[in-house]
Each structure stands twice: as C-alpha cells, then as structure tokens.
Amino acid sequence: MSPANEPEAPSRAKPKAARCRKRRQRRKRQIAYLAICFLSVAGFGFALSTMIRPADAAIGKDGKDDPNEERNPQLEWRSGFEGLGTTHEQMGELHWAPVDYTEYKASRNLTRVHPSQSTAMNPIFNFTHFLYDRLITDDPPLPPGYIVLQGESLALGPKFQEADFRDLISRYWLVLLWILFLIIIIVVMPFIAICYCCFCCCRRCRQGCPPCTSKADATRRLWCGVCLLILIVGLIFGIVIAFVTNRLLDRGFEEATVTMQRATEDICVFLKDVADHVHHLMVYNYEEMQTHITDELSHAHKHIFLDLADTSESTSLGELERILHNVPEAARLMKQVAKMETDLRFYGAQLRDGLRGMKRDINFAVANLCTTQECQTFLSTSSIETIDTSKCLHFDTMPNASKYMEGLNIIVKNNYVKIPTDALTRLEKVSLQVKEQLSIVTPGMIRDLNGGKDTFRKQARLIRNQVDALLSEIHSKTSHSSRSFDDVYDKFGKNRSVISIIVCMIMIMILSILIISLLCGCFGRRKTGYRDDCCSKATAANCLFLAILLIFCMISFLTLMGLVYFMVGLVTYQGACAPFRDLDKNMLFRQLDSMIDLNHYMPRSGEDAGKAIPPLRISNALKMCEANESVFDMLRINKIYDINDITRIKVMSSTHADPEGAKVFNEDLSKVEFLTGTDLENLNSISEGAAGAYHSELFKDLCSELTPVNLNVLGEKLYALSNSLESPTFGWARVSFWNEGLNAKSYYQNYVPKLTSMIKKMNTNLKLIDELILYQNKNFNESINTLVTTAKKSQAFVQTQGKKFINELGNNLTATIEEMITEYITMVINESNENVGRCEPLAYIYHQGVDMVCHSIVDPINGFWVGVLLCALLCLPILYVSHRLMCLYKKIYPYMAAVASHVDTAYEGGYVNVHFTSNFSHC
C-alpha cells in the first residue's frame, strides 16, 4: 500500500510518531559521528606507521646484517608455545639451571656465663649506686690524680696511693661531712672508752631501793631489752651484708683471670667464624658458581642442540627412528597374533557349532519330551536361546593379522630403519657445528671466570685482614678497659681477705655476747648477791660489760675499715661502673675513648692508603655491637670498607669488550637436509603398505565373554533339572537334559580356557605392538605421515631459522651467566650485611668483662663498707642501751637473798616441811 492510500492516523497518535522520528534521526547522527571518528583514527594510525620506520629495518638496510636475519620478537618460534618454544620452558623450567649454593653452617660455640639469678645483695648495690650518683654530680666526677690512664686501662692515681683526698673532699661537702663524722668517731671513741673505764663509770650504778622500784625496774628492763633486740637485729643485718659481700669480693678476684681467658677464647672463636664465613662466601661459593658455569659452557652445545631439536620438532626423527627400529619386534609379535588368530577362528567355530547343537537339543526336549512348567521356566531363564550369539564368539569383523605381518616384514626386509638413522646423523652434524663454534667463545669466558676467582679471593683476604684487625683491636681495647683497677687487687687483695675476716669475726663476737646477755637477762633470776646462778641477770650484766669493753676497743677499727672501703669504692665506682652506664656524658669515658683510634691498626689497600678517614671510636663500635649489627655495617659506616663496592667488579670482560662475540654461530644451515627425496618415497610406501591401516582398535571384538552364561553353571542346572523330573513319565527328557549337561561341561573344559588364553595373549601382543610402532595413538599410516610432516617442518625451520635460534640461545647463555654472577654478588652482599659477623657476641664479651670489674669487684667493695659502717654506727646506741641495761641487771634484791639463806639452813638442819612463797620477776 502506498503512503497516499494509507489510512490517516488518529490525531492523538501524531505526537508519538514525531518523537519516534526524532529519535531515529538522532541515532543516525550518532552512528555517523562514530564512523567519522573511527575513520580518522585509522587514517592517523596508517600515516604514523608509514612515517616512523622501525629500528630493526634501519639496521637491516644500512648495517652489515641482513634484515631477514633479525626475527620479530612478537612472532612465535613455535606455534602455541611461549618464549623460545621449548617444552621445558612451558613447564616453568629455565633454559640454564641456576646455581645451587651451599649455605654456611656456623660451628662456633661461645661461652655464655649467665649472671646469678638470686643476688640478694642487689638492693644494697643499688643503694650505693644511688648514693654515689647523688653525691658525685660534677663532670669530671673526680679531680685529677685519683684515676689515671695506665697504658690502655684505668688505675688508681698517685693521690689515692698517697691517701691525699683533699681535692676530692673539698669538691663535695656532703662527702666531707660524712668523712668528718667517721673520723670523729674514730678519734673520740678511744677517749670515751678511757674515761668510761678509768673513772669507774663502768661499775658505778645506783642501787636505790630495789624493793620499792621493782615494778619500774621491770618496765625499764623491758624497754631496754626491746631496744637492744632491735639493735641486735640491725647488727645481724650489717654482719650478713659484710660477710656476703666479702665472699663475693673473694669470688670476683678469683674469677678475674678465668673471665679474661674465656673472653680471649671467645673472641678467637668469633674471629675464626667470621673468617670462615667470608671465605665460604667469596671463595667456596664462587668456586661453586664457577664450576656450575664451566659445566654449562662445556655442555652448552648439547643443550643448544636439544633445544633446537625441541623447538623445531626435530624430535620427530627420533620418534620415527624408534618406530622403525621396533618394527622387527612388532613383526615377531604380529606373527604370533596371526597364528593365534587362525586358531581362534577354528576353535571358535567349533564351540559355536557345538553350542548351536546343544541349543537345538534342549529346545527339542522342552518342546516334545517335557511339557511341564518347570521345563518352560528353565528355557526362558537360562539364556539358552542366546547362548551362541555373543559378539566375542563371532570373528567376522576381526581383520586378518597376516596382512599386517607381511607389511611389517617388508619394512624389515628393506631395512627402512636406516632412513631416520641417517637423518639423525645429518642432524647431529648441526650439533658438531655448534660445538665447534662454541669452542671459540667458551675459553674466553672460562678465563674470565678464573680471573674473577682470583679477584674475589683477594677481596676475601682483604676483608679477613681488616675484620681480624678491627675485632682484635676492639677486643684488645675492651679487655684492657675491663681489666681496669687491677692494682686494687695488687694493693688490697693479698691482706684484704684476712683483715675482712677479722672484722667479720669481731662483729660476730660482739653479736654473740650481746645475744647471750639478752637471753640471760630475760630468762635468768634476779641478782641476790648470794650464790647467783650462772644464767642469771648478774651473768647478763657481766656479758654486757664485756660487750661494752669490746665495742670500745674495736669501734674505731671497724669505722676505719668502713671509711677505707668507702673511699676505695667511691673512686673505683666512678672509674669502673659509672662511665659505662652513660658513655656519651661521662668525662672519664670520653677521656678513655679519645685515646683509642683503631684506624692506626687497620690494614689498608694501596688505593685507599692515602685517604683520610675519621677515627673509629670504641664507643661507636660498642653501640653497633650492642645493636647486633654486622661487622660490614661497622666497616661501611666508618668508611673503612664497603662490601657494596664489589658490584663494580666485572668478571665477564670478554662479552663486554666484543658485543659481536655474543653471536656464537655463523655457519650456513640453509642446505641442511634431513630426509632426501628417496627417503620420503620410501616412507610414503611404508605408510601406504599393507601395515598402514594397523591399529589395535581394529581388534576391539576380542573379548573373553564367549557365552552369556557360564557353561559349568549351565551344566549343573541341567543336572538339577534332569533329577527333578519324574521317572518314567519324563524318562527320555531326563536322559536328554543329562546329556546336554555333560555337553555343556565338555565344551567349557575343551574350548573356553583355550580361547580365553588366546584372546588375552592377542590383546597383550596388540598393546605391545601399539607401543612399539604407533605415535600419539594413531594408526600406523597416520603415525608415519605425521612424523614425516613434522620432520619436513623441522628441516624447514633449521634451514631458515636455525642460525637465529642458535644465536638467540647463545645470547641467552651469555645473559644467564651475567645474571648468575650478578646474583652471586647480590647474595654475597646480602649475606655479608645480614649474617656475617654479627658482633653482639663482642659486646657481650666486653660487658662480661665490665660486669666482672663493676659487679664482681666494685659493688662488693661498696657493699662491704655498708655492712661494716652499719655495724659500727649501731654500736653507738648499743653502748648506751647496754650500759643502762647492765645497771638494771646489777640491782640486788635483799629479800630474795634472805629467802635463799633460809632455804639453805632448812636443808642443812634436816627440816622436811618447809613452806615459803617467793615471787620472781623476770624481764
């Protein structure tokens, strides 16, 4: 219908039609815009591609190389394969095996002496540290002359030797007051003792009225006894401190030599471990890399040839050679199959005919001789009707194996196995050409590797010498520092122990007397003045008097010993303990550190001998070792040796000097021919011959299920059916079924095992023949044709791309060797910076020596004066309390004396019945 004849749309539909028309126009404009943009982009890309010439094309035109020799890297060497197209590359393996380095196993066994976990004297030592830190606040803490630098360690200065403490005392007024107080005790106490003894103060005690003041005296005795008990406890505490610290001091002096010897042995072990580790990395691991690369270079021609054969699929010649080489064995097996096939057909036909006769007789017996339901049921359930129809019993579709045997015999007779053998020989010539070309390149690489071995051996020797010098000197300086104040032992060690024991024994003697007097005073009788017991208050008073005399005699000596140890501890603490707790702020350590410059002892290489390097301070070395940094970090930070500089070592100089040397192969392979025309004709005749159609799948009907039911079982059923029928009604049927049962068993015994074994043997032979002469499970014809086609492609690849492929592998080999060397250098750097010579053991050895000096000698010295002075100062109140308590114990109670006299008289006169009451007052 024309538009003119179309019916007019309703007026209400006009706006909708207009909107649709506008939408279509808009869509057309959008499509036009997109087409214009696409054409513009395409034109611009075409113009850009024609204006810019590829670099490869320029080289091919102007350079010496043929542009056809350069392969476009975007193209595939082998269809469907990445990279160079080798099979092992697709499996994730590298073309050239990486180096397997042996890890260094440290055999060092440093001695680790763990500090005692139960140090009960730590609070006392911490108290002395706190006291000295609060008293000594100046920097330097000690005036000159008290501590001197003797050699490379600290020693007591001449002012200390001469006991000239004026400068020290004048600087610290608290120390001055403390020393004045102790000196006053030392000087004044002998005079007080003389006055006490000479003016009879020791015996002058007012008696008063004991009966009147009995209660008050008891109270005084109680409080004085408690005070004396508290003072005795403090005295015990001071004696324990003095005795234990004296024992610790003896042990510290005894272990000083052992500690230094152990530190020396440890540093030797540590140095040997560092040297062995460096030698392992730079010599042994390099030799492993060198051996690996040399082995790769020695067998590079084989590797390149195998990769060429893999990528070009020249391995098809090997498969073809395998097939034709196996043809004689396959022909022998096929001959057996042909013989068994004839027998199988013969015996199978006999069994099939016998089964058909048995089926006919059973059907006749059921139809005519036995019309019961039982016979009918047996016929329908025993598979008699299909007993001769099994496909395993019909061999009509089975091919004639004799034909395949004749075809294989023809191959053997014509000796066609020489075809792939000769082709492989021609292919092997390519390997010889590659080997010949590589023999020109590899000697230079091996020479470079030998030169690199000498270079890294020199680096290892240089590093070992520098590390040995560095660590040995650090150990020497730290060991000297840790042997500071050896003269303390020389001056005080010989007689100190005897004097300290005497001091302890004096304090123990005083303590024992005080304890005895307190016990007697508490539990003994009051003094009566008449026949007092040995354990009475009179005895307590005498013991207290003895203790007072002993204290007066020894308090000056005890105070003097405490003062001496205080001064020794003050000076040695500032020299041995305080400097190493705050290395940066302590003037003594800065003085010691400033005089030790390890650069004087560092061996330097010739090119670095004239460079000015800032001195390496022992403080910096200790900080690095405490952080457990590597020795190489210490060398690098102090600009002595930087292990990262070995990255500048160039081992493979030959490839860098001659870039064209990377082309390892320059032979012409365009005339290489694997299969000649005659070879191809012969291979074509093989594939089209009598054996061409062979495949074991053609014998798929060879199966062992000859009958649907087991004939032995069928015979038993026929026997059972015969016996179940009544006689003589079904006599003939019984005889017929019985005879057929005999036939079934006879057929099974004579045919089934024989046929089954032949079928099994034939299947086994056919599988072996498949493995021998088939390729990729194709029939013989397709196998030969596939391999021939692949061989032709391989020949074309070698002729056109073989040279480029070999050079590509050669370049890959060179790049891989460079990468191996780079990875080795990176491994050496990382291992050196992370695992070689972690100097934390060195800091431990140093701190062990400092701990020996500070914690084992200086701290016990300070602990000893704390204990001795504590006892000496406690003796002052003990004197007063003991005197007061002695006077209380001396009071005589007359009433107690009269009662005692009356009791004695009663016993002497024979009175038996005596009654008296007495009250005893005890402390």
**Report entry** Listing of helices (runs of 4 or more DSSP H) fully contained in the range 650-724 that carry 1 or more residues being modelled with pLDDT of 85 or more, more than 60 Å from the chain's Cα centre (by Cα) and surrounded by 14 or more Cβ atoms within 10 Å (Cβ to Cβ)
**Finding:** 677-687, 711-724
Requested in this report: Mind listing whichever residues of the range 792-816 are buried (at least 22 other Cβ atoms within 10 Å of the Cβ) and within 37 Å of the chain's Cα centre (by Cα)?
Outcome: LEU813
Query raised in the report: Which of the following residues is modelled with pLDDT under 90 and not in a helix (DSSP H, G or I): GLU296, GLU313?
Result: GLU313
Requested in this report: Can you tell me which residue within the range 547-568, out of those that are over 19 Å from ILE501 (Cα atoms) and surrounded by 17 or more Cβ atoms within 10 Å (Cβ to Cβ), is modelled with the lowest pLDDT?
Outcome: MET567
Report task. Being closer than 20 Å to SER882 by Cβ and out of contact with any Cys (no Cβ under 8 Å at 6 or more places or on another chain) is the filter; apply it to the range 210-219 and report the residue that is modelled with the lowest pLDDT. Result -> ASP217
Requested in this report: Go through the range 743-764 residue by residue and tally those that are aliphatic (A, V, I, L, M) and under 12 Å from GLY348 (Cα atoms).
Outcome: 4
Query - Residue in the range 631-643 that is within 30 Å of GLY348 (Cβ to Cβ), assigned to a helix (DSSP H, G or I) and at pLDDT 80 or above present - result: no
Report summary line: Note: among THR342, THR371, just one is β-branched (Val, Ile, Thr) and farther than 30 Å from SER722 by Cα, namely THR342
Query raised in the report: Looking only at the range 824-839, which residues are surrounded by 15 or more Cβ atoms within 10 Å (Cβ to Cβ) and out of contact with any Ser or Thr (no Cβ under 8 Å at 6 or more places or on another chain)?
Result: TYR824, MET827, VAL828, GLU831
Report summary line: Being in contact with a Lys or Arg (Cβ under 8 Å, 6 or more places away or on another chain) and assigned by TED's automatic domain parsing to the domain that holds VAL788 narrows MET340, MET282, MET334 down to just MET340
Query raised in the report: Does the range 474-497 include one or more residues that are in contact with a helix residue (DSSP H, G or I) (Cβ under 7 Å, 6 or more places away or on another chain) and at pLDDT 75 or above?
Result: yes
Query raised in the report: When you scan the range 369-416, how many residues do you find that are part of a helix (DSSP H, G or I) and of a type in the set (Asp, Glu)?
Result: 2
Requested in this report: Starting from residues that are without any contact (Cβ under 8 Å) to a residue 24 or more places away in the chain and not charged (D, E, K, R), keep the ones in the range 400-431 and report whichever is nearest to GLY318 (Cα to Cα).
Outcome: THR425
Requested in this report: From (1) under 30 Å from VAL735 (Cα atoms); (2) among the small types (Gly, Ala, Ser); (3) modelled with pLDDT of 90 or more; (4) out of contact with any Phe, Trp or Tyr (no Cβ under 6 Å at 6 or more places or on another chain), pick out the condition that doesn't hold for SER380.
Outcome: (3)
Report summary line: In the set LEU249, LEU222, LEU182, the lone residue that is closer than 30 Å to ILE502 by Cα and modelled with pLDDT of 85 or more is LEU182
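The values are calculated or read from the model by the stated rules, or taken from the named source; none is laboratory data. Predicted, not measured: the structure shown is a model, and the values here were computed from it. Cβ sites come from the backbone with ideal geometry, for glycine too, and all protein chains shown count toward neighbours.
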